[in-house]
Amino acid sequence: MSNSKKRIYISESRNAQSAQTRSRILTSAKKLFQVEGFEDVTIEKIAQSANVSAPTIYALFQSKRGILRALMDEALPNSKREALVEKVTLEKSVKNRLKLAAQISREMYDAERAQLDIFRGASVLAPEFKELEKEREQRRHKRLEESVKTMENEKALAKGLSLSKAHDIFWALTGRDMYRMLVIEQGWTSDSYEQWLSDLLIKTLIREDV
């Protein structure tokens, strides 16, 4: 085996081991958060449960907040999220793009639902969780900007609706709080939530004749 091929093999092996270690840590952390609560779980407890060293966890996630961020980000697999986003990018109909936006929100929050008890407890007990949520919402707000600009360029925005206001409305309506209030608190089905959100986005953001 050439040195080049050997280096590639070693690199791939290390990457696979790192991915397995990362997955084991996240699984252990999630179980501990569920049983003991976010605030009472330490990095050392997670390390012991995952059978790794604390420095390994710090190297991969930097902090307990980093672990929480990873759990939230991985609720919906990247491959599935990217596939949905690609469908939005390729879709020519503005109405269908908004329907897909509602579907993405539903898919995301359905995937996170099993973890919501962890997150809700963390939001009450840990100030850093609120900072993490703020970061995520800022990223989501930024990601929606291009979609709204496209609607404006297509002259599809509802009459009297400015770009900035449309952007804020789009961000607010597709937020987790709407899902939480309707599906978690009021018992709506996910299908009902998605249909309601789809209809509302179309009615609120774009002209009737589009």
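The values are calculated or read from the model by the stated rules, or taken from the named source; none is laboratory data. Quick caveat: nothing in here was measured; it's all calculated off a predicted structure. All Cβ positions, glycine included, derive from the backbone under ideal geometry; neighbour counts span all protein chains shown.
For region 50-72, give me each residue that is among the polar types (S, T, N, Q) and either under 15 Å from Arg113 (Cα atoms) or not in a helix (DSSP H, G or I) (or both). Even if it seems obvious, please write down each step before you answer.
At the first step, the residues of region 50-72 found to be among the polar types (S, T, N, Q) are 51, 53, 56, 62-63.
Scanning region 50-72 gives Asn51, Ser53, Gln62, Ser63.
Sort out which residues of region 196-210 are touching a residue at least 60 places away in the same chain (Cβ under 8 Å) and under 21 Å from the mean Cα position of the chain (by Cα), and write them in order of number. Steps first, answer last, please.
Within region 196-210, the first condition is being touching a residue at least 60 places away in the same chain (Cβ under 8 Å), and the residues that meet it are 197-198, 201-202, 205-206, 210.
Correct list: Leu197, Ser198, Leu201.
To keep it simple, each residue is scored yes or no on (1) more than 30 Å from Glu208 (Cα to Cα); (2) at pLDDT below 85; (3) assigned by TED's automatic domain parsing to the domain that holds Val183.
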residue: Lys45; (1), (2), (3): yes, no, no
residue: Ser53; (1), (2), (3): yes, no, no
residue: Lys92; (1), (2), (3): no, no, yes
residue: Ala101; (1), (2), (3): no, no, yes
residue: Leu116; (1), (2), (3): yes, yes, yes
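Given the criteria under 22 Å from Met108 (Cα atoms), surrounded by fewer than 15 Cβ atoms within 10 Å (Cβ to Cβ) and basic (Lys, Arg), does Lys92 qualify?
Details: under 22 Å from Met108 (Cα atoms): no; surrounded by fewer than 15 Cβ atoms within 10 Å (Cβ to Cβ): yes; basic (Lys, Arg): yes.
Here the answer is no, as Lys92 does not meet what is asked.
Of the conditions (1) in a helix (DSSP H, G or I); (2) at pLDDT below 95, Ala172 satisfies every one except a single condition; which number is it?
Every listed condition holds for Ala172 apart from (2).
Name the pairs whose Cβ atoms lie under 7 Å apart, with the first residue in region 93-104 and within 16 Å of Thr204 (Cα to Cα), the second of a type in the set (D, E, K, R) and buried (at least 19 other Cβ atoms within 10 Å of the Cβ), and 6 or more positions between them or separate chains?
Once the first residue is within 16 Å of Thr204 (Cα to Cα) and sits in region 93-104, its partners that are of a type in the set (D, E, K, R) and buried (at least 19 other Cβ atoms within 10 Å of the Cβ) give Ala102/Glu194.
Quick one: Ala75 ticks every box in (1) surrounded by 14 or more Cβ atoms within 10 Å (Cβ to Cβ); (2) part of a helix (DSSP H, G or I); (3) modelled with pLDDT under 80 except a single one, so which number is it?
The one condition Ala75 does not meet is (2).
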